[in-house]
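No lab work stands behind these numbers, since they all come straight from the coordinates. Computed from a predicted structure; not experimentally measured. A quick note on method: Cβ atoms are made from the backbone with ideal geometry, for glycine too, and the neighbour counts reach across all protein chains shown.
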């Protein structure tokens, strides 16, 4: 698996187990996946519009 594409880069990060469970649950409620939820939440925190 490549670590980088034209628009993304892989970045390993550790999450506490409890936080992963909470994110998974919230992502499911919002009909999205873990990665998309984390990206959207980071953008929201940075006040950047979604593309």
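Just name the residue that is nearest to the chain's Cα centre (by Cα) out of those in the stretch 26-51 that are part of a helix (DSSP H, G or I) and surrounded by fewer than 10 Cβ atoms within 10 Å (Cβ to Cβ).
The extreme case among them is 45.
Just to be sure I understand the filter: pairs with C-beta atoms under 6 Å, separated by 6 or more residues or on different chains, first member in the stretch 29-40 and without any contact (Cβ under 8 Å) to a residue 12 or more places away in the chain, second member surrounded by 14 or more Cβ atoms within 10 Å (Cβ to Cβ) and part of a helix (DSSP H, G or I). Which pairs pass?
From residues that are without any contact (Cβ under 8 Å) to a residue 12 or more places away in the chain, the pairs are 33/27.
Within the stretch 1-25, track down each residue that is outside any helix (DSSP H, G or I) and surrounded by 12 or more Cβ atoms within 10 Å (Cβ to Cβ).
If the condition is that a residue be outside any helix (DSSP H, G or I) and surrounded by 12 or more Cβ atoms within 10 Å (Cβ to Cβ), then 15 is the only one that fits.
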